[in-house]
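Accompanying notes for the structure given below.
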Amino acid sequence: MNTPAPHLVRSPCPVIDEDALARLLLRYGIGQGEQAAVRAFGRIISAAELADALLSRFDLGEGRLGVEPSLRAFCVELARITEWDFTPPWPARIVELWSECYLGGAVAEFPFVAIEALLASCQQHLFSDRAMVHRLELDILTALVRLGWCLGGLLSDVSIDHEHAFRLDAEDGDAVLGIPNRRRFLSLLAERLSGLADGQTLGLLVLDIEWGRSVDVLGMDERDHLRLALSDAMRAVLRPNDILCALGEDQWAVILPELLHSAQVSLAGSKLVDACEVLRSNNFPGQRGRFHAGGAWAPEHANDPLGLIQAARSALIAAKTSGKAFEHYSADSAACGHCDAGFESEVARALEARQFQLFLQPQVELPSRRLVGAEALLRWNRDGKKSASPPDILQVLERIGLMGELSRWVIQQAAQVLSTLADAGCDVAISVNLVADDLKDPELPLFIRQTCETWRVPVSRMCFELTEGGLVSRDGMSVSNLEALRVGGGRLALDDFGTGYSSMDYLRRLPVDELKLDKSFVERITLTENDRSIVELMVRIAHTFGLDVVAEGVEDVATETVLREMGCDRAQGYLYAPAMSVEQFIVWWVSRQDVLLSAPAP
């Protein structure tokens, strides 16, 4: 069964005029004698009798569905071979009917099978069961055979032309959507730009959809149905001469020729996004996604295909970054996009070259202020460039799929740092941050154990911090991995407590050892009674479940005093020390250990 894409299939039927017909008959040796023989046979049998025989042979009765009505019409017309006056209309009609059959899904071999059956029926009527055959009857059969081969060759050419057209469409069109694909889009854009006259404007839109997991798990047929519905919705709001193209699974482009004003690009972009959102809301309410579009126009933004595409994509990136439905190209958005791309490449190279460092921020016990641990924080020396914040670095690494590699590097570095601290006599624990995807790695507990064995440090000196979202989200949670980490001797901390789900049921079920109060809560406890009450409640909840409490962001004695009164177990912040390199941390520890050990509680 052939399934050509709609809107793309060409009609390569040959033109049959007097000259073409003459060449065709000459090629198969059908002269005046053969034509006379066929006419003579027409006086022996009627076209209706031949048609009945063909329809009976292929079981093509009335009321059939699918392609069979077309095949029936083809067979009925083919049976009129004996009525042909050897002028162009009849073979043209045969070609037209066979094209309809072929495009409807008939197999390419059917004309030959039908012609063979037709010739067999003709032979039966000529000879019946007689043993004696007359010369005239042989001449008629020979003429019919030549005519059959003539028709077979003609219809074979039609099938071949259509098959060639299908291959071109497969290269140039999206098989599901029936619109030009990426390859065809580039040539169409180049054609429109080359024909752009002075004073004319040509617009380009790129629309992108970021689906949620509900679409990722759809079956192939359901996904195709969704894409086709979106394409139809977009076509409905475009002008007749606008060209919608498929650039990928969830990305489209629209060429907007003959614009009166560049503002039409923004209007069309907004209409496309609105049409997609309305369709999703009405027809696919269970699917979630974000629709963004970027636009540019020629010749103002670029006058070549690649330049105009790059301008529209820069606008699309700006729309995604800003969270807007549509943005048009501007120099600022392009510069921002290039900056983001450069930063992404720089971060990836920095990880590969191991340019990151771990700094340590002390954690002290309350109320004694005795040093008991440190949190390992990511730092990056960018060779004289402006420093990048850890959240920006982590966001990039997560986007490009390198968080797992970073986490393993952090664990290895932390083990090395613990070994260095132990050699210096500083026997403290180090907390390192993991992300949700780390919990999906079944080899993580083994990797941690082997790394600690390599550096001869106990796993119990490591505390693994995870955010609430990473621990309790359905996709991120892996209780078995958490249990394996604890069985191996490591401690687990719930980081930034209070900023996420904060469910006591999670605290009951998750195998964590400590909670870290987010600095956004801690820094306000001396300002309002409500903030103080919230933090005090968190401390009580944690202690109810047997968990230690660590307060982040402690920057003054007043805050420390309130935390001590609440019963908070440990604290970290600028009141004690900022994050430092390992060498600076050791120097700080050596210079302060006597003070920290002997200082009375404030």
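When the inverse distances between all different Cα atoms of the stretch 13-109 are averaged and flipped, the Kirkwood radius reads 14.6 angstrom. Computed over all pairs of different Cα atoms, the Kirkwood value for the hydrodynamic radius of the stretch 82-165 is 14.2 Å. Ordering 201, 576, 558 by the projection of their Cα atoms onto the charge dipole of the chain, which places +1 on the Cβ of Lys and Arg and -1 on the Cβ of Asp and Glu, puts 576 at the extreme positive end. Residues whose amide H comes within less than 5 Å of that of residue 373, counting only those at least five positions distant or on another chain, are 363, 429 (H built at 1.01 Å from N in the peptide plane). For the chain, DSSP calls about 60 percent of its internal beta bridges antiparallel. Between residue 235 and residue 533, the modelled label-to-label distance comes to 6.2 nm, taking each label 7 Å out from Cα in the direction of the beta carbon. From the Kirkwood radius over Cα pairs of the stretch 368-428, Stokes-Einstein at 20 °C and 1.002 mPa s returns a whole-number translational diffusion coefficient of 155 µm²/s. Stick to the Cα atoms of the stretch 398-464, pair each with every other, and give me the Kirkwood hydrodynamic radius in Å at one decimal. Result for the stretch 398-464, one decimal place: 12.4 Å. Would you work out what percent of the accessible area of the chain, with all protein chains in place, is carbon or sulfur (probe 1.4 Å)? Exposed carbon and sulfur together represent 52 percent of the surface. In this structure the amide hydrogen of residue 581, modeled in the peptide plane, comes within under 5 Å of the amide hydrogens of 360, none closer than 5 places in sequence on its chain. Only DSSP H runs of four or more residues enter the estimate; each adds -39500 (n - 2.57), and after division by the residues of the chain the mean residue ellipticity at 222 nm equals -17000 deg cm²/dmol.
Entry comment: accessible area of the chain is 49 Å² per residue, from protein heavy atoms only and a probe of 1.4 Å.
Each part reduced to its alpha carbon centroid, the stretch 115-144 and the stretch 21-62 end up 12 Å apart.
Sorted into 10 angstrom bins from 0, the C-alpha pair distances of the chain split as 3, 12, 15, 14, 13, 12, 10, 7, 6, 5, 3, 1, 0, 0 percent.
In order along the stretch 205-211, the Karplus-derived 3J(HN,Hα) couplings, from 6.51 cos²θ - 1.76 cosθ + 1.60 at θ = phi - 60°, round to 10, 10, 10, 10, 10, 9, 7 Hz, and Gly and Pro are given as x.
Report the Cα centroid-to-centroid distance between the stretch 366-399 and the stretch 522-597 in angstrom, as an integer. Cα centres, the stretch 366-399 to the stretch 522-597: 18 Å.
The convex hull around the C-alpha trace of the stretch 238-318, projected and averaged over every direction, spans 5.9 square nanometres.
Under the shape rule built on the C-alpha gyration tensor, where the axes satisfy a ≥ b ≥ c, the stretch 258-390 is oblate, since a/c reaches at least 1.5 while a/b does not exceed b/c.
Overall shape: prolate for the stretch 173-331, with the ratio a/c of the largest to smallest alpha carbon gyration tensor axis at 1.5 or above and a/b above b/c. Phi-derived couplings, Karplus 6.51 cos²θ - 1.76 cosθ + 1.60 at θ = phi - 60°, listed residue by residue for the stretch 352-357: 4, 8, 6, 8, 6, 10 Hz, with x used for Gly and Pro.
With a cut-off of 20 Å on the backbone N, the residues of the stretch 116-156 near the modelled label site 7 Å out from residue 36 along Cα-Cβ are 134-148. Between 0 and 90 degrees, the angle of helix 47-57 with respect to the longest Cα principal axis of the chain falls at about 40 degrees.
Relative contact order, whole percent, for the chain stands at 9, derived from Cα pairs under 8 Å and 6 or more residues apart.
Only lysines eight or more places from residue 271 in sequence, or on another chain, were considered; those with a Cα closer than 26 Å are 320, 324. Helix 305-322 and the longest principal axis of the C-alpha atoms of the chain enclose an angle of approximately 40°. Our note on the geometry: Cα centres of the stretch 440-466 and the stretch 212-260, 48 Å apart. Against the chain, whose longest principal axis comes from its Cα atoms, helix 390-399 is set at around 20 degrees. Cut-off 17 Å, label point 7 angstrom out along Cα-to-Cβ of residue 190: give me the residues of the stretch 297-320 whose amide nitrogen falls inside. Flagged as within label range: 303-310. A simple rule links phi to the HN-Hα coupling: the Karplus curve 6.51 cos²θ - 1.76 cosθ + 1.60 with θ = phi - 60°, which for the stretch 271-287 gives 5, 5, 4, 4, 4, 5, 5, 5, 4, 4, 5, 7, 9, 9, x, x, 9 Hz, with x for Gly and Pro.
The values are calculated or read from the model by the stated rules, or taken from the named source; none is laboratory data. Computed from a predicted structure; not experimentally measured. Here the Cβ is made from the backbone with ideal geometry for all residues, glycine too, and neighbour counts use every protein chain on show. Side chains are part of the model used for accessible areas, which takes the heavy atoms of the whole protein and leaves out ligands, DNA and RNA. Shrake-Rupley method; radii C 1.70, N 1.55, O 1.52, S 1.80 Å.
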